[in-house]
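Please read the structure below before turning to the comments.
The values are calculated or read from the model by the stated rules, or taken from the named source; none is laboratory data. Predicted model only: the values in this text are computed from it and were never measured. Reconstructed Cβ throughout: ideal geometry from the backbone, glycine too, with neighbour counts over all protein chains shown. SASA here: full protein model, heavy atoms, side chains in, ligands and nucleic acids out. Shrake-Rupley method; radii C 1.70, N 1.55, O 1.52, S 1.80 Å.
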Amino acid sequence: MSSLLEVEGLNVWFDLEGERELHAVQGVGFALEPGERLGLVGESGCGKTTTVLGLLGLLPPSASVAGSVLLNGVDILAGGEESIRPHRWVDLAIVFQGAMNALNPVKTVGSQIVEVLELHERARGREARTRTSELLESVGIPADRAERFPHEFSGGMRQRAAIAMALACNPSVLIADEPTTALDVMVQAQILELLDSLCRDFGLALLLVTHDLPVVAELCDRAAVMYAGEIVEHGPVDALYHEPRHPYTRLLFAATPDLYGEGVPASIPGAPPRLDRPLVGCPFHTRCDRAFGRCTHERPLLRELEGSRSAACHLNDVVAEVV
Amino acid sequence: MRGADYIVKRVVFALLTVFVAITINFALFRLAPGSAVTNLARVPHATPETRLAIKRQFGLDKSKFQQYWIYLGQLFRGNLGVSFANSQPVATNLRTALINTIPMVLIGTVFAILLGTLTGVIAAWRRGTKAEGASVTTALAFYSMPTHWLGLMLVILFAGVLPTGGMSNEFLLNPSFSTHVKDLAEHIALPSLTLGLVLYGEYTLIVRSAMLETLGEDYILTARAKGFRAGAILRRHALRNAMLPIATLVALSLGYIVAGAILVETVFSWPGLGRAVYDAVLQRDYPMLQGAFLLLTISVVFFNLVADLLYFKLDPRITT
């Protein structure tokens, strides 16, 4: 049986000046079952957002995309813009980062929800406005605020409105790109709670893109850790936390401040490799505390491990040999 | 109602601006070197008595402050004075010139706005393609051309096909209405075209940059993610937002329509306001100049006000 959403071998290249290319996303693949919640984590610039925009076909013309995106077994990426567009918002809806400018400043919040209902013929006129009121109330915004403009909303309310807008066409997958970034901690908690209850109530599958590990831990079943454009480890959140199988995952967790823990969060020295030239060896070996000879010249592939997880690290071979 | 305060404030500010401009206009022309009398007398060796008589006749013997006071008083009653040059009421002179100018400049400006908006939108929408390069290069080329040079080139190109001077064919005796309109349209074509071509480049560049800025906004990405087609995004989200700076520019340039276009009107012997001002400067015709500048001031201030109010209407973020 095919998954609800299955991404296979997704690659994204950006054209640079002088015939050069930047390989921003390198063979990313994951699957999402109905109602499942997957977190896509990694530091800034690792290709999380590019992956999401790539699978929706929303990247600028300077980007070329390869790979397949199967929605209920059908490749929506194969037919280009024409084959993706009917699925946007209807099957795959997205909540953007910050929501600061994700809403058009010169249109009322309500009209921006109404327009998407009308576009996908879910409702028109009075019916669409009624539905908009319901949507806004379902995220905790009083219905009479529909006539207000985005700048009259607080940051948290704008994010809620963006979530309400994403729910307009009852999508099966909700993609949230840094939904809590740029919000204060209290509002962050409220938004996470809202996402949690909405996913449960509507049986939504959630693809959560964030650099914030605690957010993933709180909300997601599984997580995929991205580094330098590829997924380096993928598995259940608990397993990743307690028994990481890639040094990057371990260091990433160690770099997260722990409210109850002691000591200072440890930063990972160095910077990710440049992606505009071919990589030799493991992309992480220059920053890895456990790199050895093989890491400098042989690139580790993402391999399946026990417990429905996978990782791309040579150490897993060594351990297997030792054990 | 949102913005009643705002409107009142803007209107009061506009009236104040007009008053200040009137005062400056009055002072400015009296600071210019040369004297009205030298020209009026047209006799270089006029006796001091003659000069004094002429000065008295036009009230130039009074102090500057008295002159200003009289001017304000008359202005308030709607009297713009009498032209030093042809002894006609300034209001009559201005009206004739204005009626000649407006259609020519309006057609040129509207042409420039339409062509500029179209090429600007295309340049932004087709960013990085040959279409953008062609559009921007052409716009810059026309923008940089001296008006009188372009006018002369068009004269060379179209002489024989279209009339190159004046407003109408004076040899048409008692033309029928349709003949008259056709004749007028032929005469207006070249000056309007010249003006339009010189002006449109600015619109192209401003529309392009406004559109590019808008197209890079997050809400455009949202609109795409919602599943809108490119054309619908352009209409629903991009144009409306890019209109903000463009609306201001359009309103402001409409204000300058009454200024006429001195260069175009000179090249094509168009008897409009631009030439009237030019002649008035040469003849130190103070009342005429004051009248023309008053008209220009009121028009510019009025359209500024329109731009402010339009902006207020278009952008809900503007508060008083």
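Here's the yes/no breakdown for (1) over 22 Å from the mean Cα position of the chain (by Cα); (2) closer than 30 Å to B:ALA27 by Cα; (3) within 14 Å of chain A (Cβ to nearest Cβ):
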residue	(1), (2), (3)
B:VAL82	yes, yes, no
B:THR101	no, yes, no
B:VAL105	no, yes, no
B:VAL136	yes, no, no
B:SER144	no, no, no
B:LEU152	no, no, no
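Across the stretch A:216-230, what is the number of residues that are open to solvent by less than 40 Å² (accessible area, probe 1.4 Å) and over 12 Å from the mean Cα position of the chain (by Cα)?
Residues in the stretch A:216-230 being open to solvent by less than 40 Å² (accessible area, probe 1.4 Å) and over 12 Å from the mean Cα position of the chain (by Cα): 5 in total.
Could you please tell me which pairs satisfy a Cβ distance under 9 Å, a separation of 6+ or placement on different chains, a first residue in the stretch B:63-76 that is at pLDDT 85 or above, and a second residue that is open to solvent by 60 Å² or more (accessible area, probe 1.4 Å)?
Listed pairs, sorted by first residue: B:ILE70/B:LYS62; B:GLY73/B:ASN79.
Across the stretch A:72-128, what is the total count of residues that are of a type outside the set (A, V, I, L, M), more than 9 Å from chain B (Cβ to nearest Cβ) and not in a loop (DSSP other than H, G, I, E, B)?
9
For B:ALA232, are the conditions met, namely being within 14 Å of chain A (Cβ to nearest Cβ), open to solvent by less than 60 Å² (accessible area, probe 1.4 Å) and either part of a helix (DSSP H, G or I) or not hydrophobic (A, V, I, L, M, F, W, C) (or both)?
yes
Scanning the stretch A:133-169 for residues that are part of a loop (DSSP other than H, G, I, E, B) and in contact (Cβ under 8 Å) with a residue 40 or more places away in the chain, which turns out farthest from A:GLU121 (Cα to Cα)?
In this case the residue turns out to be A:PHE153.
In the stretch A:45-57, is there at least one residue being more than 22 Å from A:PRO86 (Cβ to Cβ) and either hydrophobic (A, V, I, L, M, F, W, C) or assigned to a strand (DSSP E or B) (or both)?
yes
Quick one: would you say B:THR96 is assigned to a helix (DSSP H, G or I), surrounded by 13 or more Cβ atoms within 10 Å (Cβ to Cβ) and among the hydroxyl-bearing types (Ser, Thr, Tyr)?
So B:THR96 fits the description; yes.
Answer yes or no as to whether B:THR119 is within 22 Å of B:THR194 (Cβ to Cβ) and in contact (Cβ under 8 Å) with a residue 24 or more places away in the chain.
yes
Go over the candidates B:LEU173, B:LEU212 one by one and state the one that is over 21 Å from the mean Cα position of the chain (by Cα) and closer than 30 Å to A:GLU118 by Cα.
B:LEU212
Counting just the residues of the stretch A:7-33 that are open to solvent by 50 Å² or more (accessible area, probe 1.4 Å) and under 16 Å from the mean Cα position of the chain (by Cα), which one comes out farthest from A:GLY47 (Cα to Cα)?
So the residue we want is A:GLU33.
For the stretch A:44-70, what are the residues that are away from chain B (no Cβ under 14 Å) and modelled with pLDDT under 90?
A:SER44, A:GLY45
Of a type in the set (A, V, I, L, M) and at pLDDT 95 or above: which single residue out of B:LEU115, B:LEU106, B:LEU94 fits that description?
B:LEU115
Within the stretch B:209-221, does at least one residue satisfy the condition of being small (Gly, Ala, Ser) and within 14 Å of chain A (Cβ to nearest Cβ)?
yes
Which one of these does B:ARG240 not meet: (1) of a type in the set (Lys, Arg); (2) modelled with pLDDT of 85 or more; (3) closer than 30 Å to A:ARG158 by Cβ?
(2)
Just wondering, is there one or more residues in the stretch B:287-297 that are touching a Phe, Trp or Tyr at 6+ places or on another chain (Cβ under 6 Å), in contact (Cβ under 8 Å) with a residue 40 or more places away in the chain and part of a helix (DSSP H, G or I)?
For the stretch B:287-297, residues touching a Phe, Trp or Tyr at 6+ places or on another chain (Cβ under 6 Å), in contact (Cβ under 8 Å) with a residue 40 or more places away in the chain and part of a helix (DSSP H, G or I): present.
Given the structure, is A:ARG299 of a type outside the set (Gly, Ala, Ser), modelled with pLDDT under 90 and either open to solvent by 50 Å² or more (accessible area, probe 1.4 Å) or farther than 28 Å from A:PRO236 by Cβ (or both)?
no
Quick one: B:LEU295 ticks every box in (1) open to solvent by less than 10 Å² (accessible area, probe 1.4 Å); (2) away from chain A (no Cβ under 11 Å) except a single one, so which number is it?
For B:LEU295, the failing item is (1).
From the list A:THR181, A:THR249, pick out the single residue that is at pLDDT below 95 and outside any helix (DSSP H, G or I).
A:THR181
Do we have B:VAL198 as among the β-branched types (Val, Ile, Thr), under 30 Å from B:SER168 (Cα atoms) and either in contact with a Ser or Thr (Cβ under 8 Å, 6 or more places away or on another chain) or surrounded by 21 or more Cβ atoms within 10 Å (Cβ to Cβ) (or both) here?
Yes; evaluated as a whole, the condition is true for this residue.
Only residues that are open to solvent by 60 Å² or more (accessible area, probe 1.4 Å) and not hydrophobic (A, V, I, L, M, F, W, C): list them for the stretch B:79-88, please.
Listed by number, the residues that qualify are B:ASN79, B:ASN86, B:SER87, B:GLN88.
Looking for whichever is open to solvent by 50 Å² or more (accessible area, probe 1.4 Å), away from chain A (no Cβ under 14 Å) and in contact with an Asp or Glu (Cβ under 7 Å, 6 or more places away or on another chain) here; the options are B:ASN169, B:ASN174. Which one fits?
B:ASN169
Please work out if A:LEU40 is assigned to a loop (DSSP other than H, G, I, E, B) and either away from every other protein chain (no Cβ under 14 Å) or surrounded by 16 or more Cβ atoms within 10 Å (Cβ to Cβ) (or both).
For A:LEU40, the condition - assigned to a loop (DSSP other than H, G, I, E, B) and either away from every other protein chain (no Cβ under 14 Å) or surrounded by 16 or more Cβ atoms within 10 Å (Cβ to Cβ) (or both) - is not met.
Regarding the stretch B:239-247, can at least one residue be identified that is part of a helix (DSSP H, G or I), open to solvent by 20 Å² or more (accessible area, probe 1.4 Å) and under 30 Å from A:HIS87 (Cβ atoms)?
Yes, the conditions are met somewhere in the stretch B:239-247.
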